[in-house]
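The values are calculated or read from the model by the stated rules, or taken from the named source; none is laboratory data. Quick caveat, the model's predicted, so the values are computed rather than measured. Note that each Cβ is placed from the backbone with ideal geometry, even for glycine, and that neighbours are counted across all protein chains shown. For the accessible areas, the whole protein counts, side chains as well, though only heavy atoms, and no ligand, DNA or RNA atoms are used. Shrake-Rupley method; radii C 1.70, N 1.55, O 1.52, S 1.80 Å.
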Amino acid sequence: MSITPRGLHIDFERAERKWHDVVPKIVPTLRYWMEVEVHVYGFSIAANVLLSFFPFLIVLVSLCRYVFHWDAAEQAIFIALHDYFPGDTGDFLVRNLTATVSKRGPFQVGSILLLLFTANGIFEPLEVALNRAWGIHKTRSFWRNQLVSMGLILACGALAVTSTVLTAMQVTWLKPLVGSGGLATVAGVVLFKVAAVPATALGLFLVYWVLPFGPVPWQRAFNVSVWVALALEVMKYLNLLLWPVMRRKLEDEYGPFVNSATILVLSFLASMIVMAGAEWTARQPMQSGSAETLDSPDGPDSTEPRA
């Protein structure tokens, strides 16, 4: 049935058919989210993010301050923090990060070693979760996982530095035009998003493509990385919308640990989105009738694992 009031055409039958096509694809992912094992992976990833998050920020700010001597790049990091963590949590992180970097002095190797040790823990449960999503039953040995994780840490760290530098360069170029007031802040946030979303998608692509212990088609890894990067951006806007209520609830329940709880909860939600992206993508060939399935001779389950 179609109606056309004042030139507006709505095809309800077509919309209903599309809705019926979408629902069967979403329901399995919702069931995947309800599995206890997936929650275990998500909380394990979130706990390691909590441990590695601040050392990562120390390394990044120290690079900008003591190696690059670039104040605009340092301010771009603070813009990113306020973008991810609105309100008091963002202020708390920026204030303590500034104090810590100033107290510690020049760039230190200890922070890098601590970052590498804690960040490796993120990729261990994530590899197991991605292997499970793709139907890969073998996992790397501990040392092989550490080597792959080290490479991903360096690659994702380089992407974070590149995104920060690009944002700082654009802010530096625009500052003479927009000044240093509220317009400059808005311009910095916009430019950060322009640089950060592609960097996030590229980092996710490396994780989806390299981390599983078996071959994953790069086209599918790339496609899902773009959608998951956009989904994470949507999550940030939902967080901004719901933040006042969420902040009050966390303050009531966790008291002085409210900021740690905030990082843990947001990291858990982000990890669930990342794992759901892998599960949804791995399932598509089986639902679409493609010859490529996880159990077929060409699927990841039957091929030789990676190093």
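Tabulated results
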| item | result |
| --- | --- |
| Test: residue in region 267-283 that is among the charged types (D, E, K, R), modelled with pLDDT under 90 and within 18 Å of Leu81 (Cβ to Cβ) | no |
| Qualifying residue in region 225-237 (condition: at pLDDT below 90 and over 25 Å from Trp209 (Cα atoms)) | yes |
| Tally of residues being over 28 Å from Leu206 (Cβ atoms) and in a loop (DSSP other than H, G, I, E, B) across region 88-146 | 2 |
| Output for region 50-80, where each listed residue is within 24 Å of Val194 (Cα to Cα) and of a type in the set (Val, Ile, Thr) | Ile58, Val59, Val61, Ile77, Ile79 |
| Check on Ala229, free of Cβ contacts under 8 Å to residues at least 12 places away in the same chain, within 18 Å of Gly42 (Cα to Cα) and surrounded by 14 or more Cβ atoms within 10 Å (Cβ to Cβ) | no |
| Complete set of residues in region 73-113 that are of a type in the set (Gly, Ala, Ser) and either open to solvent by 40 Å² or more (accessible area, probe 1.4 Å) or at pLDDT below 85 (or both) | Ala73, Ala76, Ala80, Gly87, Ala99, Ser102, Gly105, Gly110, Ser111 |
| Condition broken by Trp218, with the remaining ones in (1) buried (at least 16 other Cβ atoms within 10 Å of the Cβ); (2) closer than 26 Å to Gln146 by Cβ satisfied | (1) |
| Extreme residue, most open to solvent (accessible area, probe 1.4 Å), among residues of region 232-253 that are in contact with a Pro (Cβ under 8 Å, 6 or more places away or on another chain) and either closer than 17 Å to Ile273 by Cβ or of a type in the set (D, E, K, R) (or both) | Leu240 |
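Conditions (1) closer than 25 Å to Ala196 by Cα; (2) in contact (Cβ under 8 Å) with a residue 40 or more places away in the chain; (3) out of contact with any Lys or Arg (no Cβ under 6 Å at 6 or more places or on another chain), marked per residue:
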position	(1), (2), (3)
Phe92	yes, yes, yes
Gly105	no, no, yes
Arg144	no, yes, yes
Ala160	yes, yes, yes
